[in-house]
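Contents: one structure, followed by commentary.
Coordinate-derived values only; no laboratory data. These numbers were taken from a predicted model, which means no experiment stands behind them. Glycine also receives a Cβ, built like all others from the backbone with ideal geometry; neighbour counts cover every protein chain displayed.
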Amino acid sequence: MIEIYIDKFKRAEISEENHFAEIEHIARSISTDNKYKEILHGAAFRIGIAQKLLNLTLKYLWCMDKIKEPCHCPIDSIVINKIIATKPGISLTNWTELDSIEDYRKCITAIREIAYSQNKTIAQWELDVWNKKAIQ
């Protein structure tokens, strides 16, 4: 499933809307596959887990120069805490509890605003956040 998307990603530009759709597709496909029902929390593979799986895979491939820069970044507690610290008053769902693409879009919109204000892309901003976290 992810391999097919990565192959598409290597061959052509993937729009942000297609990326949102792929995250939903991963979550829905795993959630509806009966062989995973017993091991999934609430019998569902949440959007938050799907985005982390896909975006982290793309991030690693990008960092190894295997693919071009992805349009999004992995969202986790470090990223969410950085958003909240930068945009006081914003309310975001914990990444492990993200269960709607709208909540995921809200995170991406907030990251985009912060990243662009620093003349960075979403992926560059997240990599910078993680690199700074690693040296603390």
**Request:** Report, by chain and number, residues whose modeled amide H sits under 5 Å from the one on residue 98, excluding near sequence neighbours (fewer than 5 apart, same chain).
**Result:** 48
**Message:** Given all pairs of different Cα atoms, what value in angstroms does the Kirkwood hydrodynamic radius of the chain take?
**Reply:** 15.5
**Message:** Suppose R0 equals 35 Å. What FRET efficiency, 1/(1 + (r/R0)^6) with r the Cβ-Cβ distance, do residue 25 and residue 118 give to the nearest 0.05?
**Reply:** 0.65
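List the relative contact order of the chain as a percent without decimals, with contacts defined as Cα pairs under 8 Å and 6+ residues apart.
Over the chain, the number comes to 21 percent.
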**Message:** For the chain, set up a GNM with springs between Cα atoms under 10 Å and report which of 13, 113, 69 has the largest fluctuation.
**Reply:** 13
**Complete:** In nanometres, the difference between 0.36 nm per residue of separation and the alpha-carbon distance of residue 69 and residue 134 is 21.3 nm
**Prompt:** Taking a 24 Å limit on the Cα-Cα distance, which of the listed pairs 52/133; 8/82; 8/133; 10/106 fall beyond it?
**Reply:** 8/82; 8/133; 10/106
**Request:** Name the residue farthest towards the positive end of the dipole of the stretch 2-134 from the options 127, 92, 20, assuming +1 on Cβ of Lys and Arg, -1 on Cβ of Asp and Glu, about the Cα centre.
**Result:** 127
**Message:** Give the aspartates and glutamates reachable from residue 120 as a straight Cα distance under 15 Å; neighbours fewer than 8 places away on the same chain don't count.
**Reply:** 69, 128
**Asked** Taking the Cβ-Cβ separation of residue 97 and residue 56 as r and a Förster radius of 25 Å, what is the calculated FRET efficiency to the nearest 0.05?
**Response** 0.90
**Message:** Given axes a ≥ b ≥ c from the Cα gyration tensor, I'd like to know whether the stretch 91-136 is rounded (a/c under 1.5), prolate (a/b larger than b/c) or oblate.
**Reply:** oblate
**Complete:** Taking 60-66, 22-28 and ranking on average Cβ neighbours within 10 Å, highest first, one gets 22-28, 60-66
**Message:** Using Cα springs under 10 Å in a Gaussian network model of the chain, which residue among 47, 78, 111 shows the largest mean-square fluctuation?
**Reply:** 78
